[in-house]
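*Asks:* Here it is, the structure, as structure tokens.
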Amino acid sequence: MLMKRKMHLTRMLLVIVTLLSMSSCVRDDLAAESQSQKNSKNMSAKFASRSFWKEDNIYINKVQQVFLKVANLEHVRARYGELNWDYAMTFGNFNETYALVPIIKDNKVVLLMEAVRTGNKVFFYEKDNKDLVEFFNLAMYSNVTKYDEVIEAKAGVLSKTPAFVCTTRWLTIGCFDNETDCVPYTTSVTNCEYQGGSGIPPKTFDPIGMDGGGDGNNGYEYPEIPEEIDPCSKLKLQTNNSTFKSNILALEGKTGESSERGYRMDYKNQTPTNPSGTGTNNQFLQNAPGSTVIDYKYFLPSTYAILHTHYNSLYDPIFSPGDIIQFNDWVVKAKAWNDNPANTIKIDLTKLSYTLVTSWGNYTITFDGTNVVPFNNYDIKTLNDDYIEKVITPAMTVANVSGDVSFNIEDLEEGFLKFAKKSLSMPGMKLFKVESSGNTEIFLKPNNTRDTKPCY
């Protein structure tokens, strides 16, 4: 009887050990399955950004839709790894054109998928850049205590729009609680992407498993193409407007006054579903002493164009430092307006125009939306003195013995652009000459000399 009990107990112990072993295996399998499900979620679940920086989430979401529509996910996992869409980054591009998506193997970023849209097609490429790969690893798996970025548009030699958008991003890496031998440090990476150019593309990323990437070389159909109107065309829409033209004519007749005059053009009848309104409010402005007319300023979100004069005795035929500062302030406040979720009507920063009318010519500045950088700690007197010395005086000439003042316009324009670039840098600001025959963009070439391009 005792022997039977011992045998029975032994069998029970064997059963318990077996069950525990099976339970352990099941737990391991479930853990592996949980990790697999987590990875699968990154690959195919709806994108939800976890980036520290502002990204073009609309583009990332659309690119993910395109990718999942065509991809063989098992092939992608076997050949590349898991795509983590939540950490996708667009590096300063907000025109639905560019994104980098990290690819994970063994809890480490090993490669990046580059998604580039050209027209109605999106192309997928491999991006095996060790600095960018390491940066993504730090952003995803390190103790990030601080982060920052600077976005800069760099003009091409012959292009009327920025040829490159270069974004530098910084990370400060701190220590985890259990790390004893750790020294915090800061690292950065710069990513420059060509906007709409040609050249030798990188290696095609193959989401299908057909060697050449299936249709990858020809691109994949992109949904809901965004409106793409270049700065010239946007300005042309405004300068061809009958109210704008009549304002220019009226102001040309007021350059002999003793103070500035202007107009503010606003949308009227705005609603969240009709952000551009149904017409134009056009208000005459002046800053004459004792005037009861409202001072020259803008209203958010309705103002889209401001025009004003520089009267003749100012001898100031182009935008002053104060003009650039006010335009920058307008753009900064408009950007802040857009960032407020409570504001359902959004402002298109690229459609804001700031026009100057003088006896020597008419100019407009616009903003292409590349970056919004507020001006801080400027000294307006120092800026004005520097402006007069480096822009106005060198371009000024005495036309005849009666003392009439004239200007070398090309020197004036080049001097203004150099001054604006050095003393009041506003990436994305564009200068146009506005004439009845059409508009002309004026810009600095890479060698810092003036050049022009007709605005058709």
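*Asks:* Take the residue pairs Lys46/Lys430; Lys54/Lys430; Lys121/Lys351; Lys234/Lys268; Lys297/Lys453; Lys390/Lys433 and return only those whose Cα atoms are more than 29 Å apart.
*Replies:* Exceeds cut-off: Lys46/Lys430; Lys297/Lys453.
*Asks:* Could you give the length gained on full extension between Thr452 and Thr278, defined as 0.36 nm per residue of separation minus the Cα-Cα distance, in nm?
*Replies:* Value of the extension gain: 59.2 nm.
*Asks:* OK, next. On full extension of the chain, what length is gained from Thr243 through Met396, given 0.36 nm per residue of separation minus the C-alpha to C-alpha distance?
*Replies:* Taking 0.36 nm per residue and subtracting the Cα distance, the gain is 51.8 nm.
*Asks:* Please list, in order along region 312-317, the HN-Hα scalar couplings obtained from phi with the Karplus expression 6.51 cos²θ - 1.76 cosθ + 1.60 (θ = phi - 60°), rounded to whole Hz, x for Gly and Pro.
*Replies:* Running phi through 6.51 cos²θ - 1.76 cosθ + 1.60 with θ = phi - 60° gives 4, 6, 6, 6, 9, x Hz.
*Asks:* Need one number: nm distance between label points at Asp131 and Leu314, each 7 Å from Cα along Cα→Cβ, rounded to one decimal.
*Replies:* Modelled inter-label distance: 4.4 nm.
*Asks:* At a probe size of 1.4 Å, how large is the accessible area of Leu412, to the nearest 10 Å²?
*Replies:* Rounded to the nearest 10, that gives 0 Å².
*Asks:* Rounded, prolate or oblate for region 345-456? Axes are the square roots of the Cα gyration tensor eigenvalues, ordered a ≥ b ≥ c, and the cut-off for rounded is a/c under 1.5.
*Replies:* Oblate, because a/c is 1.5 or more while a/b does not exceed b/c.
The values are calculated or read from the model by the stated rules, or taken from the named source; none is laboratory data. Since we're looking at a predicted model, the values are computed, not measured. Here Cβ is always computed from backbone atoms with ideal geometry, including for glycine, and neighbour counts include all displayed protein chains. Ligands, DNA and RNA are stripped out before the accessible areas are found, and what is left, the full protein with its side chains, is counted by its heavy atoms. Shrake-Rupley method; radii C 1.70, N 1.55, O 1.52, S 1.80 Å.
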